[in-house]
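The values are calculated or read from the model by the stated rules, or taken from the named source; none is laboratory data. None of the values given here were measured: they were computed from a predicted structure. Positions of Cβ are generated from backbone atoms using ideal geometry, with glycine treated the same way; all protein chains shown enter the neighbour counts.
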Amino acid sequence: MIQIKQITQTNQQDIRIKNEPFKIWGKMLPAYNNGVWSYQTDIYPLAQVTEMCFPDENYDYQQMSNDTVFFGAYHQAVCIGLAVVQKGIFKYDYLFDLKVNQAYRQQGVAQLLIQQAYEWAVARGNLGLYTIGQDNNLSACLFYLKAGFRIGGLDTDVYRGTAQAGKADILFYLDKKKQKK
């Protein structure tokens, strides 16, 4: 059974979960027309499917704990998933990082972490959460929509001048009105 717990100073080493690879198999193409967001998907031919892995973060619990909360997903006392939430300056807290060990993916672990983070944000008096997904990480983008988030913005310039030029960030929002049960 999976348990979701807030990570404290006592178990702070659990925030050091390694990043694991994921498939890049398509792209989300958001559109904003007449005040409404929609999207299409561009599925890559099999020969263009690649794999990507983000560099491991070097989170420092002591340095981050004033404005960040960490939630861990535990299976038999081993942390197998992590949600990192930063306190927002407006009415949404920022889901800064969400990861689940490959062996536990597609088993509802990420949804449990999001639910805990969402409840924490609402208990603080906020409307909910927001997060960012790279447009070429189609699995993540579709997951956020399935988890109850909605598209709320697009940043096409964030990677300009970097090795990731050509990618865009899609902003996703989860709030009381849109929360799925």
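Points worth noting:
- Residues being free of Cβ contacts under 8 Å to residues at least 60 places away in the same chain, more than 15 Å from residue 13 (Cβ to Cβ) and within 21 Å of the chain's Cα centre (by Cα) - total across region 44-62: 5
- Considering residues of region 69-93 that are without any contact (Cβ under 8 Å) to a residue 60 or more places away in the chain and surrounded by 19 or more Cβ atoms within 10 Å (Cβ to Cβ) only, the residue farthest from residue 8 (Cα to Cα): 93
- Any hit, region 5-21, residues being more than 30 Å from residue 62 (Cβ to Cβ) and more than 18 Å from the chain's Cα centre (by Cα): no
- Some residue of region 151-174 being under 17 Å from residue 19 (Cβ atoms) and either part of a strand (DSSP E or B) or hydroxyl-bearing (Ser, Thr, Tyr) (or both): no
- Failed condition for residue 115, given (1) loosely packed, with under 15 Cβ neighbours inside 10 Å; (2) under 13 Å from residue 5 (Cα atoms); (3) under 16 Å from the mean Cα position of the chain (by Cα): (1)
- Looking across region 1-27, the residues that are in a helix (DSSP H, G or I) and not aliphatic (A, V, I, L, M) come down to 9, 10, 11, 12, 13, 14.
- Looking only at region 54-78, residues that are hydrophobic (A, V, I, L, M, F, W, C) and either in contact with a Leu (Cβ under 7 Å, 6 or more places away or on another chain) or at pLDDT below 95 (or both) come to 5 in all.
- Residue-level check: of (1) at pLDDT 95 or above; (2) hydrophobic (A, V, I, L, M, F, W, C); (3) within 28 Å of residue 35 (Cα to Cα), residue 83 misses just (3).
- Criterion: hydrophobic (A, V, I, L, M, F, W, C) and free of Cβ contacts under 8 Å to residues at least 24 places away in the same chain - qualifying residue of 168, 103, 117: 103
Residue-by-condition table, conditions (1) farther than 30 Å from residue 124 by Cβ; (2) in contact with a helix residue (DSSP H, G or I) (Cβ under 7 Å, 6 or more places away or on another chain); (3) of a type outside the set (Gly, Ala, Ser); (4) modelled with pLDDT of 95 or more:
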position	(1), (2), (3), (4)
141	no, no, yes, yes
146	no, no, yes, yes
151	no, no, yes, yes
154	no, no, yes, yes
172	no, yes, yes, yes
180	no, no, yes, no
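- Residues of region 122-143 that are in a strand (DSSP E or B) and more than 23 Å from residue 27 (Cβ to Cβ): 128, 129.
- Subset tally (residues that are over 16 Å from residue 170 (Cα atoms) and surrounded by 11 or more Cβ atoms within 10 Å (Cβ to Cβ)) for region 1-49: 22
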